[in-house]
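Structure incoming, see below.
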Amino acid sequence: MNTLIRAAATALLACAVALPAATTATAAAPTSASASAPPPVAVSVPRSTPASVADRPAGALRMPAPTGPYRVGSSVLHLVDRSRTDPWVPEADGRELMVTLHYPAARSAHGRPAAYATREEARLLLEAVSVDDPALIRQVAKARTHGAVDVRPAPGRHPLVVLSPGFGMGRYTLTGLAVDLASRGYVVASLDHAYEASGTSVPGGRTLTCVACTVMEESGWSKGAVVTGTRAADTRFVLDRLTGPRPAWTYASSIDRKRIGMAGHSIGGASAGTAMASDRRIDAGVNMDGTFWDELPADGLGGRPFLFLGTDSHGPGGGDASWDKTWAGLRGAKHWLTVTGADHLGFSDAPVLLGHLGLPHGDLPAERAVSVTRAYVAAFFDEHLRGEDQPLLDGPDPAHPEVRFHRP
């Protein structure tokens, strides 16, 4: 896994908490979804090495506090879809998924703080960026989120948002966004897609590693549509298990089944579009800096709203033609924003994690990357799931000078 990530030449594997760098366009093989696949975004691997232990920050890893009025609860589900064969490990007993639910908690709720990642997930995460310092592994493994384990939810029904991480990245790398959305009144389901992350801990002391990374490399990165199609099916299954007649989550009654959104980072963002195309339950979608691998249906997602949120390289006419093509096909409310100074990983927890490790994380300071991502994703869902007008989406805002609006 280490060698694979360090040698990666495309953004699909760069999402595996690979070392960040500037992006450029590169060619891709055709996918099954279209005559020619959009070009993935390539990254160059930095020649610099991680900072020495003496140069790294000491002390606990602290995750950014949420900004909304609610306390936050946290639950973890292990789900297995035995109606499907896993595309990466066909001999597995169905398609295995880990899901973390962050949700608005009752004001009186107090409980044990939820862990950020397991020790094995932390070890594999740091191994991916050439860090093997046991002290740093312990710091990540001991990090706690701002969610309390399995506490009672706040009264009422709340919109549901599904989060899909970048390729190679665990669901926990979107925790900063998930916790913030939950504090603002959303139930958030963050998915780990089996064999697509550096490490996913599952019950029984097992760890699923990134088998898909090897498959993608050996296929010449021609299977992007397999990833997005599989993640769309994962999302349908999770929605069935959360909103169906016999839900898997104890507090599923707190979900408003009529208000569902999906957001993702990198290929997780592309998967949001693919999932919407196949599941009408998803009312709004967000792609954070991901190349689209699938063509839109003729109705352009049926007029449902969509947000593009990316780096400067994802501006109109930039290095990723899939954004221009997808934008032209959308029929409903749509927003195209880029963030000056952000790098590809800047829409996840990577700036916080890499900063703690003494590694570079783009020109945008970590606190600004976190603030911008939270503000615009929340504004989008507030407007399109809750029906609350959001001036932040109307044009440039002095409080967020990094954000540029595009209306091709």
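From a point 7 Å beyond the Cα of HIS110 in the direction of its Cβ, which residues of segment 151-172 have a backbone N at a distance under 17 Å?
Residues passing the 17 Å test: 151-153.
Here is a follow-up. Please report the spacing between the Cα centers of segment 228-279 and segment 290-342 in Å, no decimals.
20
List the relative contact order of the chain as a percent without decimals, with contacts defined as Cα pairs under 8 Å and 6+ residues apart.
Averaging sequence separation for qualifying contacts and normalising by length gives 17 percent for the chain.
Over segment 200-344, what is the relative contact order in whole percent, taking alpha-carbon pairs under 8 Å and six or more residues apart?
Across segment 200-344, relative contact order equals 17 percent.
Place the peptides 68-78, 327-337 in order of packing, highest mean first, counting for every residue the other Cβ atoms within 10 Å and averaging per peptide.
Final packing ranking: 68-78, 327-337.
Just checking my list [x] 166, 82, 73; [y] 52, 52, 48; [z] 59, 52, 43 against Cα extents along the principal axes in Å computed from this structure; which label fits?
Read-out taken from this structure: [y].
Return the loop-located trypsin sites (Lys or Arg not before Pro) in segment 196-281 (DSSP other than H, G, I, E, B) with at most 14 other Cβ atoms within 10 Å of their own Cβ; answer none if there are none.
Passing both the DSSP loop test and the Cβ count: ARG280.
Using 7 Å Cα-to-Cβ label points, what is the ASP394/ARG144 separation (nm, one decimal)?
With each label placed 7 Å out from Cα toward Cβ, I get 4.2 nm.
Something else: Ignoring the sites themselves, what is the longest stretch of the chain with no GluC sites (Glu not before Pro) in a DSSP loop and at most 13 other beta-carbon atoms within 10 Å?
In short, 92-387.
Here's another thing I want to ask about it. Once each part is reduced to its C-alpha centroid, what is the distance from segment 97-162 to segment 355-380 in angstrom?
Using only Cα atoms to place each centre, the spacing works out to 18 Å.
Apply the membrane-span-like helix rule to the chain: whole DSSP H runs, Cα extent along the own long axis of at least 20 Å, mean Kyte-Doolittle hydropathy at least -0.5. List the helices found.
Flagged H segments are 224-243, 366-385.
Please report Rg over Rh for segment 100-227, where both radii come from the alpha carbon positions and Rh follows the Kirkwood definition.
1.02
I would also like to ask the following. Using +1 at the C-beta of Lys and Arg and -1 at the C-beta of Asp and Glu, which of TRP323, LEU392, PRO69 has the Cα lying farthest in the positive direction of the dipole of the chain?
The Cα lying farthest towards the positive end belongs to PRO69.
Same structure, new question: Using a 7 Å offset from Cα along Cα-Cβ at ARG62, what residues in segment 347-369 end up with backbone N under 14 Å from the label point?
Residues 356, 367 fall inside that zone.
Nearest-5 percent of antiparallel DSSP beta bridges in the chain?
Rounded to the nearest five, the antiparallel share is 50 percent.
Same structure again: Multiplying the sequence separation of SER278 and ARG236 by 0.36 nm and subtracting their Cα-Cα distance, what value in nm do you get?
Answer, rounded to one decimal: 14.3 nm.
Can you work out the FRET efficiency for the pair ALA135 and GLU367, with r the C-beta to C-beta distance and R0 = 25 Å, to the nearest 0.05?
0.55
Set the Förster radius R0 to 51 Å, insert the Cβ-Cβ distance between LYS325 and ASP256 as r into 1/(1 + (r/R0)^6), and round the FRET efficiency to 0.05.
Plugging the Cβ-Cβ distance into 1/(1 + (r/R0)^6) gives 0.95.
Report the calculated FRET efficiency for ARG386 and ARG82 (r = Cβ-Cβ distance, R0 = 25 Å), to the nearest 0.05.
Computed FRET efficiency for ARG386 and ARG82 comes out at 0.10.
How large is the dipole of the chain about the Cα centre if only Lys and Arg carry +1 and Asp and Glu carry -1, each at its Cβ, rounded to the nearest 20 debye?
Here the size comes out at about 1180 debye.
No value in this document is a laboratory result; all are computed from the given coordinates. These numbers were taken from a predicted model, which means no experiment stands behind them. Ideal geometry is used to build each Cβ from the backbone, glycine not excepted, and the neighbour counts take in all protein chains shown.
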